[in-house]
Amino acid sequence: MKFTKMHGIGNDYVYVDCTKKELKDPAEISKIVSDRHFGIGSDGLILIGSSDRADFRMNIYNADGSQAEMCGNGIRCVAKYVYDYGLTDKDEISVDTLAGIKYLKLTIENGKVSKVRVNMGKPILKASEIPVKAEKEPVVAEAIEVGGREWKMTCVSMGNPHAVIFIDTPVKEFPLETYGPLFESHERFSKRTNTEFVRVLDRKTMEMRVWERGSAETLACGTGTCATAVAAVLNGLCDRSVLVHLLGGDLEIEWNEEDGCVYMTGPATTVFDGEITLPEGLE
């Protein structure tokens with residue numbers, strides 16, 4: 001199987017061109033290629049396919065084989081892949097995802113995509129559609145007990161569920177490995193959840209770490225960064241345009257007041273191309 005390893009500020013996936021041929025068992029293949037000791041090493045597998053509704057389609061599989069609805073860092077890499085590898089010559093494209101069609105604007109430098117601005121759509125704030133069991137809507141600064149502590153969570157869906165927790169300490173000091181899994185599998189999240197732990201630095205700047213559903217901690221999460229920006233506005237903590245520092249790099253997020261959509265801008269990077277021999281029956 002031919003593949004390309006790519007990352008969006010450290011959120012790395014294995015990308016496969018499926019516009020001509022589909023993979024037989026992508027969930028199982030994702031578990032194999034994601035293994036950082038015996039596989040290629042990644043946060044998951046992303047398949048680039050054809051769509052009758054958009055220019056391209058993306059299917060996302062987490063490292064544990066579960067399927068994700070949307071990946072903000074991943075979709076920027078999809079845009080870079082299809083342009084850099086000659087599948088399109090357009091600098092504005094549409095990509096079909098399980099979270100709907102997303103619209104992307106590509107910045108081209110020296111014939112290659114350097115960064116991508118993505119219209120991530122309108123945030124979903126209705127509890128049943130996130131989904132989360134909650135006392136009120138929107139779910140803003142609502143109490144939840146996790147790991148013997150009470151936290152204040154703000155819940156947002158960007159096509160996938162997020163619980164945003166604002167903390168006062170530097171995020172690098174936060175015991176994410178302790179609390180991340182407990183939030184992910186908490187009974188109030190019927191489809192599990194991604195969890196962002198965030199410190200506000202000023203009205204235009206935040207830092208965050210993320211525990212991703214199905215992949216544990218990742219260096220960055222595009223949808224999570226968008227959800228964090230929305231949550232910060234809902235809590236009156238930040239302006240609508242913010243810079244968010246993640247372990248892997250920075251993302252610019254704007255929650256546009258006129259159209260209600262969230263826009264994410266960030267880089268996309270190709271690491272290497274390769275070919276891997278899969279177990280018999282998966283080729």
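What is the residue count in the stretch 135-154 for residues that are under 21 Å from residue 223 (Cα atoms) and assigned to a loop (DSSP other than H, G, I, E, B)?
Final tally of qualifying residues: 5.
Filter the stretch 225-262 down to residues that are β-branched (Val, Ile, Thr) and buried (at least 23 other Cβ atoms within 10 Å of the Cβ) and give me whichever is farthest from the chain's Cα centre (by Cα). Working first, answer last.
As a first pass, look at the stretch 225-262 and keep what is β-branched (Val, Ile, Thr): 225, 228, 230, 233, 242, 244, 253, 262.
Subset that is buried (at least 23 other Cβ atoms within 10 Å of the Cβ): 225, 228, 230, 242, 244, 253, 262.
On the way: 225: 8, 228: 12, 230: 15, 242: 17, 244: 14, 253: 13, 262: 13 Å.
It comes out as 242.
Would you say residue 141 is among the small types (Gly, Ala, Ser), modelled with pLDDT of 95 or more and at negative phi?
When the stated conditions are applied, residue 141 does not pass them.
Out of all the residues in the stretch 82-102, which are more than 17 Å from residue 52 (Cα to Cα) and among the hydroxyl-bearing types (Ser, Thr, Tyr)?
Listed by number, the residues that qualify are 83, 85.
Would you check which residues across the stretch 1-23 are closer than 20 Å to residue 51 by Cβ, in contact (Cβ under 8 Å) with a residue 12 or more places away in the chain and charged (D, E, K, R) and list them?
Result: 17, 22.
Can you tell me which residue among 48, 93 is in contact with a helix residue (DSSP H, G or I) (Cβ under 7 Å, 6 or more places away or on another chain), over 27 Å from residue 259 (Cβ atoms) and of a type in the set (A, V, I, L, M)?
On the way: 93 fails: over 27 Å from residue 259 (Cβ atoms).
Selected residue: 48, the only one of 48, 93 that is in contact with a helix residue (DSSP H, G or I) (Cβ under 7 Å, 6 or more places away or on another chain), over 27 Å from residue 259 (Cβ atoms) and of a type in the set (A, V, I, L, M).
In the set 147, 159, which member is surrounded by 16 or more Cβ atoms within 10 Å (Cβ to Cβ) and under 28 Å from residue 66 (Cα atoms)?
Criteria check complete, one pass: 159.
Matching residues to (1) under 23 Å from residue 99 (Cα atoms); (2) among the basic types (Lys, Arg):
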| residue | (1), (2) |
| --- | --- |
| 172 | no, yes |
| 188 | yes, yes |
| 198 | no, no |
| 208 | no, no |
| 224 | yes, no |
| 236 | no, no |
| 239 | no, no |
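Any idea which of (1) part of a strand (DSSP E or B); (2) within 25 Å of residue 141 (Cα to Cα) is the one residue 223 doesn't satisfy?
The failed condition is (1).
Would you check which residues across the stretch 269-283 are of a type in the set (S, T, N, Q) and loosely packed, with under 10 Cβ neighbours inside 10 Å and list them? Break it down into steps so the answer makes sense when it comes.
At the first step, the residues of the stretch 269-283 found to be of a type in the set (S, T, N, Q) are 269-270, 277.
Matches in the stretch 269-283: 277 only.
Sort out which residues of the stretch 166-190 are loosely packed, with under 12 Cβ neighbours inside 10 Å and either in a helix (DSSP H, G or I) or touching a residue at least 40 places away in the same chain (Cβ under 8 Å) (or both), and write them in order of number.
Once the filter is applied, which keeps residues that are loosely packed, with under 12 Cβ neighbours inside 10 Å and either in a helix (DSSP H, G or I) or touching a residue at least 40 places away in the same chain (Cβ under 8 Å) (or both), the stretch 166-190 yields 172, 173, 177, 178, 187.
Residue check, residue 115 against (1) within 30 Å of residue 189 (Cα to Cα); (2) charged (D, E, K, R); (3) surrounded by 15 or more Cβ atoms within 10 Å (Cβ to Cβ), all met but one. Which one?
With respect to (1) within 30 Å of residue 189 (Cα to Cα); (2) charged (D, E, K, R); (3) surrounded by 15 or more Cβ atoms within 10 Å (Cβ to Cβ), residue 115 is out only on (1).
Report yes if residue 102 is in contact with a helix residue (DSSP H, G or I) (Cβ under 7 Å, 6 or more places away or on another chain), charged (D, E, K, R), crowded, with 18+ Cβ neighbours inside 10 Å and within 21 Å of residue 263 (Cα to Cα), otherwise no.
Values: in contact with a helix residue (DSSP H, G or I) (Cβ under 7 Å, 6 or more places away or on another chain): yes; charged (D, E, K, R): yes; crowded, with 18+ Cβ neighbours inside 10 Å: yes; within 21 Å of residue 263 (Cα to Cα): yes.
Here the answer is yes, as residue 102 does meet what is asked.
Find all pairs meeting these conditions: Cβ atoms under 7 angstrom apart; at least six residues apart or on different chains; first residue within the stretch 41-54 and surrounded by fewer than 17 Cβ atoms within 10 Å (Cβ to Cβ); second residue among the β-branched types (Val, Ile, Thr).
50/19; 53/101
The values are calculated or read from the model by the stated rules, or taken from the named source; none is laboratory data. Keep in mind that what you see is a predicted model, and the values were worked out from it rather than measured. Backbone-built Cβ (ideal geometry, glycine too); neighbour counts: all protein chains shown.
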